[in-house]
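The values are calculated or read from the model by the stated rules, or taken from the named source; none is laboratory data. Treat the numbers as computed from the prediction; the structure is a model and nothing was measured. With ideal geometry, Cβ positions are generated from the backbone for all residues, glycine too; neighbour counts draw on all protein chains shown.
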């Protein structure tokens, strides 16, 4: 038994298993897209000190080898080790947001008849064959089922042995249209919901028999390497050599790594279905479909409604016949994530007019009620997702999610996720900080630092920055970025409302979605002019509503069907061709706005 | 330009292309399952003399290399060459049997409404996208089609570019349920029908727009290496390491090579669909499905009715989404070949009772009419297909298909296919020869040579043999084999009729199917006691009815549907559990039979 010390200050015990497994046992999850087979090369770590036995150096360059890089899944410590972990780790949480889990449970408590998972188990007793009846095994299974279903090839291949070994009595796993697999006794029936965000990927593992959410895992979308927003990704996919395949592989590897992390932790079950929500570009990239025409007027996708495709079609490391359901899109810039989000809020059942704003790398806005829904999209950039700014990070342990500034003492009070040492700033922290800086006269209406307003303003990397802690700061370019982002969102909302002849006061509820973590101070978002100035009680923060919607669909074929209808019902409004949007955007490039009266409460 | 001389006496010109292509141009078709990419190693030939440049020796052992073996697809002559061709070559014919081609054309002349190929082309004009309508490309194609169809992934992947390059106007290829591909302008729409026999594989290339049969290609089933009949193949598949995969690969390689040979010769079109007929074991092996339980009582297959599977599921070298239809089976020993054969004879529409006998490696027998059909199977062995006897060969060029013996002069007169030098004996020749030898007192009633009855009887390989020509002979074991085979068929027929309380005289028509070539002397088959003794005009020789049926289904979705119903309608009778069959078989081990009166006309 040896100790493994990490550069992040943790100590893990090695008991003869691989580095990857030792870290997993201690709750440190490297991305291992191939499931630890030594193939994908993603679980690369650097051994800074200590002796290690390595089985394979596949995908490690000669130079990296000299520097001490190894594949964690192929390495066995032979002394105490000092390890440098990669920046990209997977976060596992029991509940990402209490609200979200409750939304799911409450929904099915209210609508128990809708609890109807995308896959189910059925027990059948099959008539044994007789000399007088030469029907095939499959034909006898069909009779036992009594309903017309398709059968996966994988099911048929195993059928003769499984039937005879189980004495003609089987538990099969079925979708609405197909018998996909067998459920071995004692094995739990799991499903996975996925939100593919431009910046972040989150998966939820769900027990589809008990109808319980088990765990969540998340990581950055590896495509970030190839561009911050959907437009740069589309350009990379269509112009770089093998670009589409590279981006497809990124997201498939991420999902493989996330699902693998959760299944390693939950070995009692097997994943039999996946339900995916993502924006139109992300779902195109996930399925390897050319997204080129999404960015060219008239901005249409190749498809909004996805066929019944399988894990093998996506090259996920699950069993090849596992169905992958994709929540349908509305248009090139209104994706399945928004359809899922509306479903999570049940906005399509509301009597009064509501507003839905999903703040991610794109900002999508939907207005409407049970009779009509109109959607628009604006490019916000990734800064509310903890990317694209100097010290940005996702809403995980160590992220500053709120800041209180005391002008008199020039000190800050921080709220850090996990109550640990701050290591970065997540989306809600970004909003909080800008609001506090403006409120306290450290940045002006244009978002520029006011010289000498705080000792915490220092010069770093050729520009001014406000230091929140030793290692966390926000620069002038970060703030410029944030102002542009919030302006895009606000301008989108106000343009859409005005184009529809609506006043902000007409809105009865405003659903705010986004991967901000548990906490978002709506008042501060209003204060910086990101959200319209309405009574606080009209705002409902719904967190990652896309994931919530994907979980709901995973647990309910009926809801997935509603999603298919909803996608066709929503009308798309193109902001980019609206003259009013440009005006609104330019006016919103101030804190809170050029027309201050809009923000007087 | 160099001359290539072959060990079979042909001279071919090399004009800078590969050996494979030079031979192809001259009508000599090696099996090249990978289509000449240098991967499969099947087009191996030996260069006995001459200089040759070779690009790759993949799949050629060091030892073979020393002996002069090369891949024909990777080799370029650099001098005059003397070439040793492999034994297994592909035969290409314009018409395998005139009768068969006529059956197809006559059928559709009589039933024009049934002409409804498994794939069709449809021309559509798609609405170009507009800013106000964010529907995806696929959704607009759906609207243009106006019918609910599935779409292959391959179709969707190419869709955005194809739509725009063709100015929103497309010709698509569709099955009854799916849009599978595009038809480029000037490209013909081809389909392929396949008969997978235990001994021989035959394919037909069909123009599905003009509804014309183009060409046929055939070769031995490569599985022969692993056993002569279905039982030994099943044993190999289930007991040898990777046996099932080896046998699956054999038949897939054969079909790839045959289809490739025909598409190289007919470059104006593309193959968009395949329809396969074969016995139950062959179809199981083709699809990689475990055939083990077919040989164990109660002899049931894994499945009789096959799902909508694709070229990729079979690993055929066609485009991955090409659908492969399999004609359904009835039971473990009554396969899709028999269902196809009945369809070819239209026996399921007959008022009077008919008999269908398919003489292949299995002998299948069906009795019935439009109201009922009962089928049985008996193991005949491969000797009527030109295998399993000393000088056996398929009914191709050089095969003796008939023999007349003159007792006085002890001479023979031969009918050889292609009127060339005899190189072997095909199925019809086997029947002719045994009948002549018996008639002329050279073999006795037990099928044993009568010493000194002819100077042509010589001792070879430790047994007596009758020499038909210098190099073609028939041995005592060959004749024993043939007697057992004919006994199995006759006993099958007579048992089934007697079990049903029928007399041979009750049969209005007897359809004889089998790969005998153009010619089969029914009277001689009766004379040796293989077929019941009925007026000659009740016999109808239908040749390879399985292939004819597969062609009919390829050209008619309606007929394929009828085949599905027919497979369920036919009752299976198990001869192996019938005491009467054993008695009948033992009585039939004589020429023509122990009860000679059955054969007195």
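What to note about this one:
- Test: residue in the stretch A:59-71 that is at pLDDT 90 or above and under 22 Å from residue A:397 (Cβ atoms): no
- Residue count for the stretch A:391-411, restricted to those that are within 17 Å of residue A:438 (Cβ to Cβ) and surrounded by fewer than 13 Cβ atoms within 10 Å (Cβ to Cβ): 2.
- Among the candidates A:569, A:524, the residue that is within 14 Å of chain B (Cβ to nearest Cβ) and touching a residue at least 40 places away in the same chain (Cβ under 8 Å) is uniquely A:569.
- Helices (runs of 4 or more DSSP H) wholly inside the stretch A:276-363 containing at least 1 residues that are within 10 Å of another protein chain (Cβ to nearest Cβ) and buried (at least 22 other Cβ atoms within 10 Å of the Cβ): A:280-286
- Unmet criterion (only one of (1) touching a helix residue (DSSP H, G or I) at 6+ places or on another chain (Cβ under 6 Å); (2) within 14 Å of another protein chain (Cβ to nearest Cβ); (3) farther than 30 Å from residue A:178 by Cα) for residue A:584: (2)
- Residues of the stretch B:559-591 that turn out to be farther than 27 Å from residue B:369 by Cβ, modelled with pLDDT under 95 and either part of a loop (DSSP other than H, G, I, E, B) or touching a strand residue (DSSP E or B) at 6+ places or on another chain (Cβ under 6 Å) (or both), as a count: 0
- Residue B:225 meets the stated requirement of being touching a helix residue (DSSP H, G or I) at 6+ places or on another chain (Cβ under 9 Å) and more than 19 Å from residue B:261 (Cβ to Cβ).
- So residue A:323, is it out of contact with any helix residue (DSSP H, G or I) (no Cβ under 7 Å at 6 or more places or on another chain) and farther than 19 Å from residue A:195 by Cβ: no
- Residue within the stretch A:482-495 that is at pLDDT 95 or above, surrounded by fewer than 17 Cβ atoms within 10 Å (Cβ to Cβ) and either touching a strand residue (DSSP E or B) at 6+ places or on another chain (Cβ under 9 Å) or farther than 29 Å from residue A:579 by Cα (or both) present: no
- Among the residues making up the stretch A:340-359, those that are farther than 21 Å from residue A:490 by Cα and within 16 Å of the chain's Cα centre (by Cα) are A:340, A:344.
- Taking the criterion of being farther than 20 Å from residue A:90 by Cβ and in a strand (DSSP E or B), the residues of the stretch A:203-217 that qualify are A:207, A:212.
- Members of the stretch B:592-601 found to be assigned to a helix (DSSP H, G or I) and more than 18 Å from residue B:497 (Cα to Cα), listed by number: B:596
- Residue A:520 at pLDDT below 95 and over 30 Å from residue A:273 (Cα atoms): yes
- Unmet criterion (only one of (1) surrounded by fewer than 24 Cβ atoms within 10 Å (Cβ to Cβ); (2) modelled with pLDDT of 95 or more; (3) away from chain A (no Cβ under 13 Å)) for residue B:272: (1)
- Taking the criterion of being over 21 Å from the mean Cα position of the chain (by Cα) and surrounded by fewer than 24 Cβ atoms within 10 Å (Cβ to Cβ), the residues of the stretch B:419-433 that qualify are B:419, B:420, B:421, B:422, B:423.
- Annotation: residue A:50 fulfils all but one of (1) surrounded by 14 or more Cβ atoms within 10 Å (Cβ to Cβ); (2) over 33 Å from the mean Cα position of the chain (by Cα); (3) at negative phi; the unmet one is (3).
- Odd one out for residue B:38 among (1) in contact with a helix residue (DSSP H, G or I) (Cβ under 7 Å, 6 or more places away or on another chain); (2) over 28 Å from residue B:551 (Cα atoms); (3) modelled with pLDDT of 90 or more: (3)
- Residue in the stretch B:374-388 that is modelled with the highest pLDDT, counting only those that are touching a strand residue (DSSP E or B) at 6+ places or on another chain (Cβ under 8 Å) and surrounded by fewer than 23 Cβ atoms within 10 Å (Cβ to Cβ): B:374
- Criterion applied to A:184, A:159, A:189 was being outside any strand (DSSP E or B), surrounded by 19 or more Cβ atoms within 10 Å (Cβ to Cβ) and not assigned by TED's automatic domain parsing to the domain that holds residue A:554, and the one residue passing it is A:159.
- Taken together, A:149, A:118, A:138 contain a single residue that is within 12 Å of another protein chain (Cβ to nearest Cβ), crowded, with 21+ Cβ neighbours inside 10 Å and either modelled with pLDDT of 95 or more or in contact with a strand residue (DSSP E or B) (Cβ under 6 Å, 6 or more places away or on another chain) (or both), which is A:138.
- Filter pass, residue A:249 being more than 14 Å from every other protein chain (Cβ to nearest Cβ), surrounded by fewer than 24 Cβ atoms within 10 Å (Cβ to Cβ) and under 17 Å from the mean Cα position of the chain (by Cα): yes
- The set of residues in the stretch A:15-31 being part of a loop (DSSP other than H, G, I, E, B) and free of Cβ contacts under 8 Å to residues at least 60 places away in the same chain consists of A:15, A:17, A:18, A:26.
- Single match in B:489, B:562 (criterion: away from every other protein chain (no Cβ under 14 Å) and either more than 25 Å from residue B:229 (Cβ to Cβ) or over 23 Å from the mean Cα position of the chain (by Cα) (or both)): B:562
- Taking the stretch A:157-186 as the range and being touching a helix residue (DSSP H, G or I) at 6+ places or on another chain (Cβ under 6 Å) and either over 30 Å from residue A:556 (Cβ atoms) or within 14 Å of another protein chain (Cβ to nearest Cβ) (or both) as the test, the residues that pass are A:159, A:160, A:163, A:179.
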